Amino acid sequence: MVTGLLDLQLAIGPETVLLAGPNGAGKSTLLRLLLGIDAPGSGRIALGGRVLFDGNVDLPPEARRLGYLPQDYALFPHLDVRGNVSFGLRPHQRAARTQEVLEALQIAKLADRRVQELSGGERQKVALARALAPRPLALLLDEPFAALDTQARRQLRQFLSAQLEALRLPALVVSHDPADAGVGRRILMMERGRIVQEGTFEALRKAPATPFVAEWTAR
């Protein structure tokens with residue numbers, strides 16, 4: 001895919017991949033291109049053999065079947081947890097699918113709670129449930145732990161890692177924090193719109209390709 005800021009090739013299977021890089025590297029731009037909010041100048045984006053973007057196709061965000069967990073979770077304050085999770089589902093599937101996802105993430109007891117009454121970790125789980133409810137074909141998570149305190153981050157990393165492992169969906173987790181490295185089995189390091197290195201955290205630490213990778217793995 002090529003745009004004014006990005007020039008890269010990226011393939012993700014049924015795995016969780018962590019994307020890290022300095023501010024301005026192009027991580028948020030990549031998410032916007034994948035989601036269909038912005039369009040590349042050229043290139044191709046496909047999901048499971050289905051073209052989302054190329055020279056002839058540019059599917060709108062709602063047709064791409066991508067689950068998205070934004071950094072601030074973007075929950076609707078006027079709706080309870082059940083209303084947030086069911087938002088966007090078709091009426092005939094709304095009740096059953098909402099309950100199914102709430103139980104899978106072990107938050108059914110929160111169904112009638114208002115967003116304002118939830119902890120940061122609970123909000124993250126609700127946002128994840130909302131992303132999963134429409135049965136997406138892949139997940140995009142933007143700094144999913146940034147809004148949490150240190151203790152909640154440790155707990156939610158384990159929870160999210162286990163959930164993503166069980167789902168076996170292609171999942172791209174954007175993060176600036178090396179402590180999040182354990183969430184993904186593979187780490188991609190992006191600088192100036194390009195993937196400069198990939199591998200496990202230990203492989204990156206032992207043989208960093210750039211000064212930023214060396215600094216990031218040494219924190």
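Some observations on this one:
- Summing +1 for each Lys or Arg and -1 for each Asp or Glu among the other residues whose beta-carbon sits under 10 angstrom from that of Asp80 gives +1.
- Rounded D (µm²/s) - the range 156-219, Kirkwood Rh over Cα pairs, Stokes-Einstein at 37 °C, 0.692 mPa s: 263
- Summed residue charge, Cβ within 9 Å of Ala20's Cβ, Lys/Arg positive, Asp/Glu negative: -1
- Here the 3J(HN,Hα) profile of the range 181-187, calculated from phi with Karplus coefficients 6.51, -1.76 and 1.60 at θ = phi - 60°, is 4, x, 5, x, 6, 10, 10 Hz, Gly and Pro shown as x.
- log₁₀ of I(q)/I(0) at q = 0.20, 0.21 Å⁻¹ - the range 77-133, Debye sum with one point per alpha carbon: -0.60, -0.66
- About its Cα centre, the chain has a charge dipole of approximately 420 debye under the convention of +1 per Lys or Arg Cβ and -1 per Asp or Glu Cβ, with nothing else charged.
- Aspartates and glutamates whose Cα lies under 12 Å from that of Lys125, excluding same-chain neighbours fewer than 8 positions away: Glu103
- Cα-Cα P(r), the range 1-117, percent of pairs per 10 Å interval: 11, 33, 30, 22, 4
- Put in line by how crowded their Cβ is, counting other Cβ atoms within 10 Å and starting with the fewest, Thr16, Thr29, Thr150 read Thr150, Thr29, Thr16.
Every number here is computed from the coordinates shown, using simple stated rules; none is lab data. These figures come from a predicted structure and were not determined experimentally. Because the Cβ atoms are built from the backbone with ideal geometry, glycine has one as well, and the counts that use them run over all protein chains shown.
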